[in-house]
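Okay, so here's the structure we're looking at.
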Amino acid sequence: MVQEYDVVVIGSGPGGYVAAIRAAQLGLKTACIEKWVNREGATVLGGTCLNVGCIPSKALLESTHKFHEANTKFADHGIAMNTLTMDVSAMQHRKDAIVSKLTTGVSGLFKANKVTLINGHGQLHEDCLIKVTAIDGSVSELKAGHVILAAGSVPVSIPSVPLHSDLIVDNVGALNINAVPKRLGIIGAGVIGLEMASIWNRLGSEVVILEAMDQFLPITDKDISREGLKLLQQQGLEVRLNALVSTTEVVGDQVNVHYKDAIGEVHHLVFDKLIVAVGRAPYTDGLLAANSGVKLDERGFVFVDHRCHTDAPNVFAIGDIVRGPMLAHKASEEGMMVADIIAGHTTEMNYDCVPGVIYTHPEMAWVGRTEQELKAEGIDYNVGKFPFAAVGRAMTSNDTDGFIKLIADAKTDRILGCHIVGAHASELIAQVVIAMEFGSSAEDLALTVFAHPSLSEALHEAALAVDNHAIHMVNRRVRK
């Protein structure tokens, strides 16, 4: 017997589970298919983000930051500390407990909103028919009025660097390292690579990051990438650009790595562990039957329009399997947008206001356009920039690294972008996201009253600086 639903969601990550809950809240009979199970055979909700991505990595970053701060900065506050040690097992246990609490919470939300959870591998066929293969191999069928594809992504592998037990691991394995490696290699200087590097560098590992590209964080504004690289290097991270890994070899309990530099010279390094963090790819294996009507683009992403419609009638796709940054919050907002569209509401998502964050310390965050992009497009703009070193709250917190850079249109003063390196950048960027969502000008922020003392005063001063009116620094307008 074919079960029928108004909406069927395939995947329960940040995009899928939010879409399912939203659809159910709107009165639609909703089911969510998830194939992930734990060792006990229970369905695991939350996808990569909650289980092996955003949440566990932030738990480890927070634990190691506190350890590092106690070791290196407490003395500045007059707090005398004896020799500190880190219980890595306890740190990992805390991380696992947080993950368990959040994933269990999603299960509770499904029950409260009457979302039907179906375990198995879902495959879309024509006319919104979905075949679900259970763990025991049995196959059932669902018929949906609308389908939302939210299958997520998987780590990108490198043929020359095969994973090996616990010596060569991807970003998932990196979260479960149970002892501090003396010498740690990381392939990839992206978000995941930098966050993993920070975790183990704080605990005493000698970390070398090998990045094949000739630029550091090319997706960010150049001021951010320059400042971020400088600060990370000051913390002891070694970043080698133009480093293309050619071969790896496991010898005993160590990993030999060979890479070529920009002129083709071969270098050899030896590590106790190697993390492969070269990005993620859309996970569409077995997701689409040949007759589904859903098309993929040249990079393997599901092709969608600006409202996440696929080429198949009544089929949507969201999150990591479609265009745009692979971000949990982007997936969640797409999930809510699509559920609203299915329910007949008028809605859209503003892709110009999706923030990006790297949770190193200091954090790096951005939204909108970079200065390089505006120059390339010939758009006239003004820049206001203000350092945290001149902010009282940053001084009292002993967190004065970095700055806020605000970019506004030279003619209209409308905010075009903001780029932050500094403590709590992930929180501060939200103020600019809200301002941009409402079409605010730099003057709007300049006329806003910010609490004193607070880190957000740096944003106030940056907005003032756009018009050469910053109070707590020598005024100097930065133009194109």
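The values are calculated or read from the model by the stated rules, or taken from the named source; none is laboratory data. Since the structure is predicted, the reported quantities are computational estimates derived from the model, not experimental observations. Here the Cβ is made from the backbone with ideal geometry for all residues, glycine too, and neighbour counts use every protein chain on show. In case anyone asks, the SASA skips ligands and DNA or RNA and just uses the protein heavy atoms, side chains included. Shrake-Rupley method; radii C 1.70, N 1.55, O 1.52, S 1.80 Å.
Taken over segment 363-384, the criterion of being at negative phi and within 25 Å of the chain's Cα centre (by Cα) is satisfied by Glu363, Met364, Ala365, Trp366, Val367, Arg369, Thr370, Glu371, Gln372, Glu373, Leu374. Selection of segment 18-43 for residues being in a loop (DSSP other than H, G, I, E, B) and either open to solvent by less than 20 Å² (accessible area, probe 1.4 Å) or closer than 23 Å to Glu4 by Cβ (or both) yields Leu26, Gly27, Leu28, Lys29, Lys35. Screening segment 212-329 for strands (runs of 3 or more DSSP E) wholly inside it with 2 or more residues that are open to solvent by 40 Å² or more (accessible area, probe 1.4 Å) and among the charged types (D, E, K, R) returns the ranges 238-240.
When segment 411-433 is filtered for residues that are closer than 13 Å to Tyr359 by Cβ and assigned to a strand (DSSP E or B), the ones remaining, listed by number, are Ile420, Val421, Gly422.
Yes/no per residue for (1) polar (S, T, N, Q); (2) in a loop (DSSP other than H, G, I, E, B); (3) closer than 17 Å to Met364 by Cα:
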| position | (1), (2), (3) |
| --- | --- |
| Leu406 | no, no, yes |
| Met436 | no, no, no |
| Ala451 | no, yes, no |
| Leu455 | no, yes, yes |
| Leu464 | no, no, no |
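Any residue at all in segment 404-412 that is buried (at least 20 other Cβ atoms within 10 Å of the Cβ), under 30 Å from Thr72 (Cβ atoms) and either in contact with a Cys (Cβ under 9 Å, 6 or more places away or on another chain) or in contact (Cβ under 8 Å) with a residue 60 or more places away in the chain (or both)? Taking every residue of segment 404-412 in turn, at least one turns out to be buried (at least 20 other Cβ atoms within 10 Å of the Cβ), under 30 Å from Thr72 (Cβ atoms) and either in contact with a Cys (Cβ under 9 Å, 6 or more places away or on another chain) or in contact (Cβ under 8 Å) with a residue 60 or more places away in the chain (or both). Among the residues of this structure, Lys95 does not count as one that is charged (D, E, K, R) and open to solvent by 60 Å² or more (accessible area, probe 1.4 Å). With respect to being more than 30 Å from Leu26 (Cβ to Cβ) and open to solvent by less than 30 Å² (accessible area, probe 1.4 Å), Cys353 falls outside the description.
Of the residues that make up segment 133-156, is at least one open to solvent by less than 50 Å² (accessible area, probe 1.4 Å), among the small types (Gly, Ala, Ser) and in contact with a Lys or Arg (Cβ under 6 Å, 6 or more places away or on another chain)? Yes, segment 133-156 contains a residue that is open to solvent by less than 50 Å² (accessible area, probe 1.4 Å), among the small types (Gly, Ala, Ser) and in contact with a Lys or Arg (Cβ under 6 Å, 6 or more places away or on another chain). For segment 334-351, a residue qualifies if it is assigned to a helix (DSSP H, G or I), over 18 Å from the mean Cα position of the chain (by Cα) and of a type outside the set (Gly, Ala, Ser), and the qualifying residues are Met336, Met337, Val338, Asp340, Ile341, Ile342. Of everything listed in (1) open to solvent by less than 60 Å² (accessible area, probe 1.4 Å); (2) more than 27 Å from Gly16 (Cα to Cα), the single unmet condition for Ser89 is (1). The residues of segment 1-31 that are among the β-branched types (Val, Ile, Thr) and either touching a Pro at 6+ places or on another chain (Cβ under 7 Å) or over 23 Å from Asp127 (Cβ atoms) (or both), listed by number, are Val18, Ile21. Taking first residues from segment 1-16 that are over 21 Å from Gly286 (Cα atoms) and partners that are of a type outside the set (A, V, I, L, M) and surrounded by fewer than 24 Cβ atoms within 10 Å (Cβ to Cβ), the Cβ contacts under 7 Å between residues at least 6 apart in sequence or on separate chains come to Glu4/Lys143; Tyr5/Lys29; Asp6/Lys29; Asp6/Gly145; Asp6/His146. Counting only residues that are under 21 Å from Gly15 (Cβ atoms), not in a loop (DSSP other than H, G, I, E, B) and not hydroxyl-bearing (Ser, Thr, Tyr), segment 44-100 holds 11 of them. Would a scan of segment 391-401 turn up a residue that is assigned to a helix (DSSP H, G or I) and either β-branched (Val, Ile, Thr) or free of Cβ contacts under 8 Å to residues at least 12 places away in the same chain (or both)? Yes, segment 391-401 contains at least one residue that is assigned to a helix (DSSP H, G or I) and either β-branched (Val, Ile, Thr) or free of Cβ contacts under 8 Å to residues at least 12 places away in the same chain (or both). Here the condition is being aliphatic (A, V, I, L, M) and surrounded by fewer than 18 Cβ atoms within 10 Å (Cβ to Cβ); of Ile379, Ile358, Ile342, it holds for Ile379 alone.
So is Val207 part of a strand (DSSP E or B), touching a Cys at 6+ places or on another chain (Cβ under 9 Å), of a type in the set (Val, Ile, Thr) and open to solvent by less than 30 Å² (accessible area, probe 1.4 Å) or not? For Val207, the condition - part of a strand (DSSP E or B), touching a Cys at 6+ places or on another chain (Cβ under 9 Å), of a type in the set (Val, Ile, Thr) and open to solvent by less than 30 Å² (accessible area, probe 1.4 Å) - is not met. Scanning segment 103-117 for residues that are crowded, with 16+ Cβ neighbours inside 10 Å and under 15 Å from Val2 (Cβ atoms) turns up at least one hit.
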